[in-house]
Each structure stands twice: as structure tokens, then as C-alpha cells.
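The structure appears below as C-alpha cells.
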Amino acid sequence: MAHQWQGVIEEYREWLPVDEHTPVITLGEGGTPLVHSAWLSGLVSGDVWLKVEGDNPTGSFKDRGMTLAISAAAGEGAKAVVCASTGNTSASMTAYAARAGLTPIVLVPHGRIAAGKMAQTVMHGAQVIQVRGGFDECLQISRELAEQYPVELVNSVNPMRLQGQKTAAFEIIDALGRAPDVHVLPVGNAGNISAYWIGFKQYEKGGLAERTPQMWGFQAAGAAPLVLGKPIADPETIASAIRIGNPASWLLAETARDDSGGRIAAVSDEQILAAQRELSSREGVFVEPASATGVAGLLAAVESGDVEPGLTITVTVTGHGLKDIDTALSGIDSIVDSVIDVDVREAAAIAGLA
Ligand code: F0G
């Protein structure tokens, strides 16, 4: 093979806690495109780039951390792995577990999990356990399972996850040739914002960037514990991936916010869905609702005059729109606009071509 992206372990080996004995369980994750957004650049009077993480093998950024976590678990002789998930972690864990020959056990909250994510999880062969509770309770049980039984926990409290996910920050600097001024992303369990901050700081320390960006995280208004400053018992949002009331990486996320001079704020479900639609129709980038939360936050910041002109801003869109087509289609009155007989003139007339 002449040239192929090798996945984040091989591409960034010297920056990761692996050695020559670590088995490399990879699906070629990472190397995702940084797509320029003319629309958002115009709005902020600067340069906005989208880090399109839905282009990872299982359709979300989770694959970056999962290649590390599953490789490490396999290397340590684990037989089974467990995670709590709102859907993407489970889709990713089960894919990598399948490759490694590990038994995947998944705990999901009662209520809505996007159907695409469940389809992935089931197809990869998981044992799926639904808990009468939310994500936070699922994580609690997963932690206890890993403490008391022979099973490895691969949620982002497993340090390997953040180590893998930090490679997205490396890729952004590698692509831009410098650190952005601001990096924007959604926040749920708060692992990803913490991982990016680790990555940006490491590249700065290593002399590959002159500085670090401000970290701007956004939560859904009904699930915004970091904004309120206290856990929420019953988080609620249409962005089911980030329906989390007590983020595991709470302190790391606050550190990322404060040390970078950034912010963590909330946006409404309406703002999230509007951002999702605009990204799809203006930029050709179809993301799931949670993934549009960063864009919604940036739009809100522009609206309130909080974005100075001339900045280079990167925004992570975390997962693919095909994961949750029910939410996407529920916002559309009718998929079919017209029904016609086999008649080219009728088609042309309706399409406004004639
Ligand atoms: N965007 C998507 C699409 C997600 O699936 C998640 C988290 C986030 C953003 C937030 O990232 O938790 O690191 O702050 N999904 C987890 C899961 C909780 O189980 O798939 P975070």
C-alpha cells in the first residue's frame, strides 16, 4: 500500500502512552477533515474551520479514545469491556472490542438513544443493558462493575480515552500550522474539552505551537450543570448525546475553561436544531443535534457581540447526522414535495426549471 493514514496510535505514537508491546487495535480513526466554513467566517469576520469528527470510522470522535483504551485493555489481557453511554461511546467501544475479540457490555439510559447508535452497538455484538435511570446512573453502575468484576471500564474516566482524543487538537495545529485563537465544542460528560486542552498544551510545550487557544464549551440549556455550577438530577435536551447531569470530568473541564481564559455557556434546544439545519443546508455538513451545539454557541456569541473580528476559530462537530435521523426528519413537514407521473415537463415545471 503506497500511502494510507495509519490511525491515531501510529500517527502520533511519540505523544501517546503506548510502547512496542501494546497491540494496535485500529480502524484508521483520526485524520478527519478540517473544513473551512465561508458562512461562519463571514458571520464572525474571521476564519472558522469545522473539525468534522463524524468522519471517523464509527461516526464520532469517540474512536480516537477508543483505539487507545481498547488497545491498552487488550494488552493487559482483559476479556470484557464495559461503558455507560448515550450512544456514541457504545457504538465505538463495541466496534473496537469486536476487532480485539473482547466481550462488550453496554449500559444505556432509559428513554431515547438515537436508533443509528443502537444499530451500530447491536451489530457489533454488544450485550445491551438498559438502566431505569439516566447516563449518570449508568456510569455509576459501570464503575462499580469494573471495581467488583473482571471487566475493564472504557468511559472517559479511563485516562487512555483522553489521551487518544487529544490527537484531534494535534491535527488542528498540524493542519493550520498554528493554534487557533478559539476552539469551540459541545460539552456533555466533559471528557472531550479536557482532552483537547491536554493536546493543545502538549503541542505548545513541545514547541509545535506558539500558544494555546481559548476553550469555549457549550452545553444544552436543560443539561448544563457546568454552567449552573451544580449537578442536575433530571437533565433534558433533544441532543440526547449530551443529556448528562453530573459530568465525570467536571474539574478537568473547569481547568480547561479557566486556564485557557475561555467559557462554558448554554444554548437552547431550538438554537441547537437551527444550527444543525444551517450546517446541513449551507455547508453540506450533516451532524447529529449534540454535535451542532458548538456552532449554536458560536452563533449566540456572535449575536451578543462577544466575538472580536479577525480571529481564527475551530469548531469540533462531534458526530454524524445519520446517527439520529428521527430527530432530523421530525423537523421536516414532508420529505416528498410533489408526486408526478413519468413526465419530464411536469418535473421541470415543478422544479422551476421551465
Ligand atoms: N457530541 C457527541 C456526538 C457525543 O456523543 C458526546 C458524548 C459529546 C458531544 C460530549 O462529549 O462527553 O466528552 O463532553 N457522548 C457520550 C456517549 C456521553 O456516551 O456517547 P463529552
Give me the pairs: first residue in the range 127-143 and of a type outside the set (S, T, N, Q), second residue assigned to a helix (DSSP H, G or I) and at pLDDT 95 or above, beta-carbon distance under 6 Å, and six or more apart or on different chains, which are they? V131/E137; V131/C138
Would you please name the residue that is nearest to the ligand (Cβ to nearest atom), looking only at residues in the range 184-223 that are surrounded by fewer than 21 Cβ atoms within 10 Å (Cβ to Cβ) and not in a helix (DSSP H, G or I)? Q214
Here the qualifying pairs (Cβ atoms under 8 Å; residues six or more apart or on different chains; first in the range 200-213 and at negative phi; second of a type in the set (K, R) and surrounded by 16 or more Cβ atoms within 10 Å (Cβ to Cβ)) come out as Q202/K166; T212/K201
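Do we have V302 as crowded, with 18+ Cβ neighbours inside 10 Å and at pLDDT 95 or above here?
Working: crowded, with 18+ Cβ neighbours inside 10 Å: no; at pLDDT 95 or above: yes.
No.
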Being touching a residue at least 24 places away in the same chain (Cβ under 8 Å), of a type in the set (G, A, S) and part of a helix (DSSP H, G or I) is the filter; apply it to the range 105-126 and report the residue that is nearest to T318 (Cα to Cα). G116
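Can you say whether I242 is surrounded by 20 or more Cβ atoms within 10 Å (Cβ to Cβ), more than 23 Å from N158 (Cα to Cα) and within 14 Å of the ligand (Cβ to nearest atom), as far as the supplied structure shows?
Criteria not met by I242.
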Go through (1) part of a helix (DSSP H, G or I); (2) in contact with a Lys or Arg (Cβ under 7 Å, 6 or more places away or on another chain) and name the single condition P150 misses. (1)
Enumerate the helices (runs of 4 or more DSSP H) found wholly within the range 1-104, keeping only those where 1 or more residues are in contact with a His (Cβ under 9 Å, 6 or more places away or on another chain) and buried (at least 22 other Cβ atoms within 10 Å of the Cβ). 88-100
Count of the range 280-295 residues which are surrounded by 21 or more Cβ atoms within 10 Å (Cβ to Cβ) and either among the hydroxyl-bearing types (S, T, Y) or closer than 18 Å to I244 by Cα (or both): 7
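Filter the range 264-279 down to residues that are away from the ligand (no atom under 15 Å from the Cβ) and surrounded by fewer than 20 Cβ atoms within 10 Å (Cβ to Cβ), then give me how many there are. Write out each step before concluding.
Residues of the range 264-279 away from the ligand (no atom under 15 Å from the Cβ): 268, 270-271, 274, 277-278.
Next, only the ones that are surrounded by fewer than 20 Cβ atoms within 10 Å (Cβ to Cβ) stay: 268, 270, 274, 277-278.
The total comes to 5.
Quick one: would you say K62 is within 16 Å of the ligand (Cβ to nearest atom) and farther than 19 Å from A275 by Cα? Even if it seems obvious, please write down each step before you answer.
Values: within 16 Å of the ligand (Cβ to nearest atom): yes; farther than 19 Å from A275 by Cα: yes.
Taking the combined requirement at face value, the residue satisfies it.
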For the range 201-251, which positions are over 27 Å from G87 (Cβ atoms) and of a type in the set (A, V, I, L, M, F, W, C)? L208, A209
Could you list, ordered by first residue, the pairs with Cβ atoms under 7 Å in which the first is in the range 157-180 and hydroxyl-bearing (S, T, Y) and the second is not in a helix (DSSP H, G or I), at least 6 apart or interchain? T167/Y12; T167/G30
In the range 326-354, which residues are among the β-branched types (V, I, T), at pLDDT below 95 and surrounded by 11 or more Cβ atoms within 10 Å (Cβ to Cβ)? T327
Residue among T237, T255 that is surrounded by fewer than 18 Cβ atoms within 10 Å (Cβ to Cβ) and within 15 Å of the ligand (Cβ to nearest atom): T255
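Here is a yes/no grid of residues against (1) within 14 Å of the ligand (Cβ to nearest atom); (2) crowded, with 22+ Cβ neighbours inside 10 Å:
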position: V106; (1), (2): yes, yes
position: A114; (1), (2): yes, yes
position: F135; (1), (2): yes, yes
position: Y149; (1), (2): no, no
position: L162; (1), (2): yes, yes
position: A169; (1), (2): yes, yes
position: V182; (1), (2): no, yes
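The values are calculated or read from the model by the stated rules, or taken from the named source; none is laboratory data. Predicted model, so just to flag it, every value in this text is computed and none were measured. As a convention, Cβ positions derive from the backbone with ideal geometry for all residues, glycine included, and neighbour counts pool all protein chains shown.
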